[in-house]
Amino acid sequence: MLIKLTISKLGAAKVALNGTPVRYLSAAMDKGNNFFFRQLFDTVSSTYTYLLGDTKTREAVLIDPVLEHAQRDADLVNQLGFSLIYALNTHMHADHITGTGKLKALLPGARSGIGKASGAQADVYLEEGQVVTFGCHQLLAASTPGHTNGCMTYICHEQGIAFTGDTLLIRGCGRTDFQEGSSEALYNSVHKKIFTLPDYYTLYPAHDYKGQTATTVAEEKKYNPRLTKPLDEFVDIMKNLNLPYPKMIDKAIPANKVCGLF
Ligand code: FE
């Protein structure tokens, strides 16, 4: 029941990427233990990549792959006997080049996906309420703009997990001073789409710079030093971060507009 309520809050048409209406799988349905999850890391950009799979049907999805690790990720997919059907990005990254284009070449049959509002090219464009299905598992795409205008959070309700990209980091959040960033939009995205998830949901960000790997909705609602503040204070904090110009942005953005192939 809780899960149904959460989904309806997102309030958009529920259609799968192939255009067919989606029937949500409830947490009560027996899925056995066929959900595969693996967190991978890039030490240069501190990016997390996630491999999710259905161990029965062998269909798998990668979230936020990094170009330099495309071969590593493809090898892992092959070793585990998965067939990669989607390589998704949470947003158009400015700090690394995406591995989706190279993965498509290494693993024929894989399709790239990104939020429609990102302005990047991909095989599938995700919008609010769309569902990515792999085997008997589903990721619900929630539009969470603010870090960039095309940021998506991918929620797997049956597992109680969500992939927040740079919208929400562990005790932090993505910067909002470039790529059509907006502190107000990020604040609203977090408070309306992520903090409204059940407290126990585990959140997996796109990066961590301090060695942490995951957080929960409850922890961030209590301890996030920025997003626990009122909106005006949050906007002020973001305005005064004085962050340096991102080293990779001039290379990464043009490449990431075309799945990292340039
Ligand atoms: Fe980012």
What does DSSP give for the chain in terms of the percent of beta bridges that are antiparallel, rounded to the nearest 5?
65 percent
Work out, step by step, the length gained on full extension between Lys210 and His191: first 0.36 nm times the residue separation, then minus their alpha carbon distance; give nm to one decimal.
4.4 nm
Quick one: dipole size for the chain, taken about the Cα centre, charges +1 on Lys/Arg Cβ and -1 on Asp/Glu Cβ, in debye to the nearest 20.
340 debye
What's the exposure ranking of Arg226, Arg171, going from fewest to most Cβ atoms within 10 Å?
Arg171, Arg226
What helix-only [θ] at 222 nm does the chain give? Using -39500 (n - 2.57) per DSSP H run of at least 4, over all residues, to the nearest 500, the answer is -6000 deg cm²/dmol
Go ahead and collect, in residue order, the members of the stretch 43-82 whose backbone nitrogen is under 14 Å from a label point 7 Å along the Cα-Cβ direction of Phe178.
none
In whole Hz, the Karplus estimates of ³J(HN,Hα) for the stretch 130-145 (6.51, -1.76, 1.60; θ = phi - 60°; x where Gly or Pro) are 6, 10, 9, 10, 9, x, 9, 10, 9, 10, 9, 7, 10, 6, 10, x
To the nearest 0.05, what FRET efficiency results for Asp232 and Asn78 with a Förster distance of 51 Å applied to their C-beta separation?
0.50
Given axes a ≥ b ≥ c from the Cα gyration tensor, I'd like to know whether the stretch 31-127 is rounded (a/c under 1.5), prolate (a/b larger than b/c) or oblate.
prolate
If amide H atoms are modeled at 1.01 Å from N in the peptide plane, then the residues at a separation of 5 or more from Tyr86, or on another chain, having amide H under 5 Å from its own are Ala60, Leu62, Arg111
Ascending count of other beta-carbon atoms within 10 Å, so fewest first, for Ile253, Ile161:
Ile253, Ile161
Apply the a/c threshold of 1.5 to the C-alpha gyration tensor of the stretch 29-85 and tell me whether it is rounded, prolate or oblate.
prolate
Under the Kirkwood approximation applied to all pairs of distinct alpha-carbon atoms, what is the hydrodynamic radius of the chain in Å?
18.3 Å
In the stretch 72-98, which residues have a backbone nitrogen under 16 Å from the label point lying 7 Å from Met248's Cα in the Cα-to-Cβ direction?
72-73, 88-98
For the stretch 192-222, run through the trypsin sites (Lys or Arg not before Pro) and keep only the ones in DSSP coil with at most 13 other Cβ atoms within 10 Å of their Cβ.
Lys210
Estimated vicinal HN-Hα couplings, Hz - the stretch 55-61 in sequence order (Karplus 6.51, -1.76, 1.60; Gly, Pro = x):
6, 8, 7, 6, 7, 9, 9
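Coordinate-derived values only; no laboratory data. This structure is a prediction, so every number in the text was calculated from the model and none was measured. Positions of Cβ are backbone-derived with ideal geometry, glycine not excepted, and every protein chain shown enters the neighbour counts.
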